[in-house]
Amino acid sequence: MLKGLVGLVTGGGSGLGLATAELLLQQGGRVVICDLPTSGGRDAAKRLGENAAFVPVDVTSESDVKTALQSTKDRFGRLDVAVNCAGVASAQRTYNFKKDQPFDLKTFQKTVEVNLVGTFNVIRLAAGMIGRNAPDADGQRGVIVNTASVAAFDGQIGQAAYSASKAGVVGMTLPIARDLSKQGIRIVTIAPGLFRTPMMEQMPEPAIKALEAQVPFPPRLGLPSEFAQLVETIIRNPMLNGETIRLDGSIRMQP
């Protein structure tokens, strides 16, 4: 099913998105990497070869996403899978009583705008393109995969904005699956736990070891390739739809 498949991956310049793009290419697919102009997406696409392309995209921009979809059509002729990995993190207490300072509202809005609204922006526009595909024997025309977080369920202190944005992604998964069912488009969300992404690797190694000790099994950070493997499983298994899957080594985040 993956041979000849055309995928679009937001946040594809690094981390979970890049690993997903690499796996789709290894399985015989073609990929459009979407990320900010300042990301490593352009270099990644060059390294990955002729079946990969890069389009600079801010997922909150309607025109950027439309341009990426048109570029996908122009380069590869179709779109089968959209994977939403673009996101930002933030950490502030709702009210810092030591500084007599509330959570910065612009930070909250930006987090929700990118993680939730940006994800929906890609979904709503990509669905229009995927829905034009000829259906397979099951009537399926394509798949959308979102990235939430375990913070959607057990967010820690300071994660009000991040948890709210990711919980929104979880919350819209089922109704969108129902919306798109008549057109044969599936949608599934992955909620990763602690993964070894570039953002995580900026931390000192002792801090990483402390985080790894919180994961029951396997007692380590997840690998981006393991996230990509689940994306592949979702694409291959037609009964996975309207669901959020935790990928977290059974961790439950503590306050």
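We did not get these values from a lab; they are worked out from the coordinates using the rules stated. Note that the coordinates shown come from a computational prediction; the quantities given were computed from them, not determined experimentally. Positions of Cβ are generated from backbone atoms using ideal geometry, with glycine treated the same way; all protein chains shown enter the neighbour counts.
The table below lists the values:
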read-out	value
Matching residues, segment 155-180, being outside any helix (DSSP H, G or I), closer than 12 Å to residue 94 by Cα and either among the small types (Gly, Ala, Ser) or touching a Cys at 6+ places or on another chain (Cβ under 9 Å) (or both)	158
Segment 129-144, residues that are buried (at least 24 other Cβ atoms within 10 Å of the Cβ) and either part of a loop (DSSP other than H, G, I, E, B) or under 16 Å from the mean Cα position of the chain (by Cα) (or both)	143, 144
Top-ranked residue in segment 23-58 [being touching a helix residue (DSSP H, G or I) at 6+ places or on another chain (Cβ under 7 Å) and assigned to a helix (DSSP H, G or I); ranked as surrounded by the fewest Cβ atoms within 10 Å (Cβ to Cβ)]	25
Pairs with Cβ under 6 Å, 6+ apart, first in segment 197-219 and in contact (Cβ under 8 Å) with a residue 60 or more places away in the chain, second part of a helix (DSSP H, G or I)	197/15; 198/15
Spans of helices (runs of 4 or more DSSP H) in segment 192-252 with at least 2 residues more than 22 Å from the chain's Cα centre (by Cα)	205-212
Residue check for residue 63: assigned to a loop (DSSP other than H, G, I, E, B) and either without any contact (Cβ under 8 Å) to a residue 60 or more places away in the chain or closer than 17 Å to residue 145 by Cα (or both)	no
Those residues of segment 189-214 which are of a type in the set (A, V, I, L, M) and touching a Ser or Thr at 6+ places or on another chain (Cβ under 7 Å), in sequence order	190, 191
Filter result for the condition that a residue is closer than 18 Å to residue 197 by Cα and out of contact with any Cys (no Cβ under 8 Å at 6 or more places or on another chain), over 218, 238	218
Complete set of residues in segment 7-22 that are crowded, with 24+ Cβ neighbours inside 10 Å and either basic (Lys, Arg) or outside any loop (DSSP other than H, G, I, E, B) (or both)	7, 8, 9, 10, 16, 17, 18, 20, 21
Members of segment 91-128 found to be of a type in the set (S, T, N, Q) and assigned to a loop (DSSP other than H, G, I, E, B), listed by number	94
Candidates 159, 109 - the one that is surrounded by 15 or more Cβ atoms within 10 Å (Cβ to Cβ) and more than 26 Å from residue 21 (Cβ to Cβ)	159
For residue 77: the one exception among (1) touching a residue at least 60 places away in the same chain (Cβ under 8 Å); (2) more than 30 Å from residue 236 (Cβ to Cβ); (3) surrounded by fewer than 13 Cβ atoms within 10 Å (Cβ to Cβ); (4) not basic (Lys, Arg)	(2)
Residue match in segment 73-90 (condition: in a loop (DSSP other than H, G, I, E, B), under 30 Å from residue 161 (Cα atoms) and in contact with an Asp or Glu (Cβ under 6 Å, 6 or more places away or on another chain))	no
